[in-house]
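Trainee: Sharing a structure with you now.
The values are calculated or read from the model by the stated rules, or taken from the named source; none is laboratory data. Since we're looking at a predicted model, the values are computed, not measured. No Cβ is skipped: glycine too gets one built from the backbone with ideal geometry, and neighbour counts run over all protein chains shown. These accessible areas exclude ligands, DNA and RNA; they are computed on the full protein's heavy atoms, side chains included. Shrake-Rupley method; radii C 1.70, N 1.55, O 1.52, S 1.80 Å.
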Amino acid sequence: VQLQASGGGLVQPGGSLRLSCVASGSIFSINAMGWYRQAPGKQRELVAFDTTGGSANYADSVKGRFTGSRDNAKNTMYLQMNSLKPEDTAVYYCYARINNVNSWGQGTQVTVSS
């Protein structure tokens, strides 16, 4: 099973980006999905997390600006990021618990700068 993240890039403050993460391989169950990020010199932190059948949880710093969603038919999750700020600059990682195993994507760089 693999997770492939994409959609990062350079954006000006106030701009938007949408990250995607596709799960591939022999998938029987996906119990949780989410996004984390790691800025230089900082620990990896939760951005958005969703358990199957539950409501999504967001870090306080992104509430109202970021929205997570998923397309179960495509085994794909998304992170819509609006009103981006320089402090959102980080490598963003997707996470999923697939077949009761924790899986991570390779990370995609998001840089918010003028």
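Trainee: Looking only at the range 7-22, which residues are open to solvent by 30 Å² or more (accessible area, probe 1.4 Å) and part of a loop (DSSP other than H, G, I, E, B)?
Mentor: Of everything in the range 7-22, those that are open to solvent by 30 Å² or more (accessible area, probe 1.4 Å) and part of a loop (DSSP other than H, G, I, E, B) turn out to be GLY7, GLY8, GLN12, PRO13, GLY14, SER16.
Trainee: I've got another one for you. Output the number of the condition that PRO13 fails; it satisfies all remaining conditions of (1) touching a helix residue (DSSP H, G or I) at 6+ places or on another chain (Cβ under 8 Å); (2) in contact (Cβ under 8 Å) with a residue 60 or more places away in the chain; (3) closer than 15 Å to GLY107 by Cβ.
Mentor: Failing condition for PRO13: (3).
Trainee: Can you go through SER20, SER26 and tell me which one is modelled with pLDDT of 90 or more, closer than 22 Å to VAL1 by Cβ, out of contact with any strand residue (DSSP E or B) (no Cβ under 7 Å at 6 or more places or on another chain) and of a type outside the set (Lys, Arg)?
Mentor: Selected residue: SER26, the only one of SER20, SER26 that is modelled with pLDDT of 90 or more, closer than 22 Å to VAL1 by Cβ, out of contact with any strand residue (DSSP E or B) (no Cβ under 7 Å at 6 or more places or on another chain) and of a type outside the set (Lys, Arg).
Trainee: Considering only residues that are surrounded by 22 or more Cβ atoms within 10 Å (Cβ to Cβ) and part of a loop (DSSP other than H, G, I, E, B), which ones fall in the range 85-114?
Mentor: Residue satisfying the conditions is GLY105 alone.
Trainee: Right, something else. Is it the case that some residue within the range 68-78 is assigned to a strand (DSSP E or B) and free of Cβ contacts under 8 Å to residues at least 12 places away in the same chain?
Mentor: Filtering the range 68-78 down to residues assigned to a strand (DSSP E or B) leaves 68-71, 76-78.
Okay, now just the ones that are also free of Cβ contacts under 8 Å to residues at least 12 places away in the same chain, so 69, 71.
Yes: one or more hits.
Trainee: May I pose another question? Output the residue which, of all residues in the range 28-52 that are part of a loop (DSSP other than H, G, I, E, B) and surrounded by 13 or more Cβ atoms within 10 Å (Cβ to Cβ), is nearest to the chain's Cα centre (by Cα). I'd like the intermediate steps shown before the answer.
Mentor: If we filter the range 28-52 for residues that are part of a loop (DSSP other than H, G, I, E, B), which is where we start, we get 28-29, 39-44, 52.
From what's left, surrounded by 13 or more Cβ atoms within 10 Å (Cβ to Cβ): 39, 44.
On the way: ALA39: 14, ARG44: 12 Å.
Checking each candidate, the answer is ARG44.
Trainee: Kindly check whether there is at least one residue in the range 53-65 that is touching a residue at least 24 places away in the same chain (Cβ under 8 Å), among the charged types (D, E, K, R) and surrounded by 11 or more Cβ atoms within 10 Å (Cβ to Cβ).
Mentor: Pass one, the range 53-65, residues touching a residue at least 24 places away in the same chain (Cβ under 8 Å): 61-62.
So of that shortlist, the ones also among the charged types (D, E, K, R) come out as none.
The answer is no; no qualifying residue exists.
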